[in-house]
Amino acid sequence: MEYISSPVDVYQCFNQQNQRIQYLLKDFHYSIDIFWEKEQYFHLTNSFANNYYRLRIFNICPRITLHHFSNLRSLTMTQPNNTQIHSVQPITFPFLEYLATPATLDIFNNLFGDSQHRWAFLYSCNFFTHIPTPQLNWTFNNSILILSGITCSRKILSQLLYLVPCLKYLRVDMITNDQSKWIIPLTIEHLLSLRISFYRLIYEDLMILIGRNLSHLYLEVYDDHIPIEFSSLGILFMSIGHKLKKFNCDYRGYDVDLEEIQSSHLFFRNIQLIPSLSTDMIKLFLKNIDL
């Protein structure tokens, strides 16, 4: 059954109509977005706690306790307090499939620590802060297929990729002025989609991260002082025997010579400019790559 996205409205409309509707209300799966603390939310927590499958808390809401939501499949918290973040454990949410929170050591211990006390169904994580330094006692987790919101150095990303050997989708921001080194070889055999952000494009880093099965690469570059060398980029793609089918590139700038990019290398001959909501961001897209 699909989620009901506004349980407060549903409850206010149908509650106390009759006993049959009361039973029906408890059969739905609810999704709720909380931006501030309201009394209706506390009442609904007590009435429908087991029916919530998706919960998103977007601000500081310290009165919201999480232990009631034991059937959650999806949890998002942008600014949890210490009590809330400590509640994010497999024993509290045994059915969790998607998690979006700050990247804390406690959560990573639950992801990569004792294999007998992990989430059984969690496959997708989105983190809002820098990744903690991997611990020596962490072991790989085959269940994680999607990681996004990652911000880290070369070394920590190398260690993280080792811990998620079945990863298929990765979105990562590389930190600026990183002095660390890659730990080669990277565990990227199953990686199908990579979205990576650089302040300044480093071609060697990009080459290391493109695995043999990668089909979609999304590149973001924010330094507007050094232009992207599309000819070098095309040579790089061809040299590693890529399997790319889609390529996106967003970079800072106001003007673009599309014909120049298309003629820079055979790889980019069909690249297209797509609309951007930002006046200083150029967005390029290439699909159905066949060389």
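The values are calculated or read from the model by the stated rules, or taken from the named source; none is laboratory data. These numbers come from a predicted model, not from an experiment. FYI the Cβ positions are ideal-geometry reconstructions off the backbone, even for glycines, and counts take in every protein chain you see. The area values use the complete protein model at the heavy-atom level, side chains included, leaving out ligands, DNA and RNA. Shrake-Rupley method; radii C 1.70, N 1.55, O 1.52, S 1.80 Å.
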Inset, instruction - Could you grab me the full set of residues in segment 179-210 that are in contact with a strand residue (DSSP E or B) (Cβ under 9 Å, 6 or more places away or on another chain) and open to solvent by less than 40 Å² (accessible area, probe 1.4 Å)? - result: Ile188, Leu191, Ser193, Leu194, Ile196, Ser197, Phe198, Leu201, Asp205, Leu206, Leu209, Ile210
Inset, instruction - Determine, yes or no, whether Lys283 is more than 24 Å from Ser153 (Cβ to Cβ) and either open to solvent by 30 Å² or more (accessible area, probe 1.4 Å) or at pLDDT below 95 (or both). - result: yes
Inset, instruction - Sort out for me the helices (runs of 4 or more DSSP H) sitting completely within segment 138-253 that have 1 or more residues that are small (Gly, Ala, Ser), closer than 28 Å to Phe121 by Cα and within 21 Å of the chain's Cα centre (by Cα). - result: 154-163
Inset, instruction - Confirm whether Leu244 is modelled with pLDDT under 95 and open to solvent by 10 Å² or more (accessible area, probe 1.4 Å). - result: no
Legend entry - Scan of segment 211-229 for residues that are among the β-branched types (Val, Ile, Thr) and touching a strand residue (DSSP E or B) at 6+ places or on another chain (Cβ under 7 Å), ordered by number: Val221, Ile228
Inset, instruction - Report yes if some residue within segment 187-199 is touching a Phe, Trp or Tyr at 6+ places or on another chain (Cβ under 6 Å) and polar (S, T, N, Q); otherwise report no. - result: yes
Inset, instruction - Would you point out the residue of segment 117-137, among those that are of a type in the set (Phe, Trp, Tyr) and open to solvent by less than 20 Å² (accessible area, probe 1.4 Å), that is farthest from Gln89 (Cα to Cα)? - result: Phe127
Inset, instruction - Check whether at least one residue in segment 6-14 is within 30 Å of Ser148 (Cα to Cα), in contact with a helix residue (DSSP H, G or I) (Cβ under 8 Å, 6 or more places away or on another chain), at pLDDT 90 or above and surrounded by 15 or more Cβ atoms within 10 Å (Cβ to Cβ), and report yes or no. - result: no
Legend entry - Hits in segment 219-246 (condition: closer than 16 Å to Ile274 by Cβ and in contact (Cβ under 8 Å) with a residue 40 or more places away in the chain): Lys246
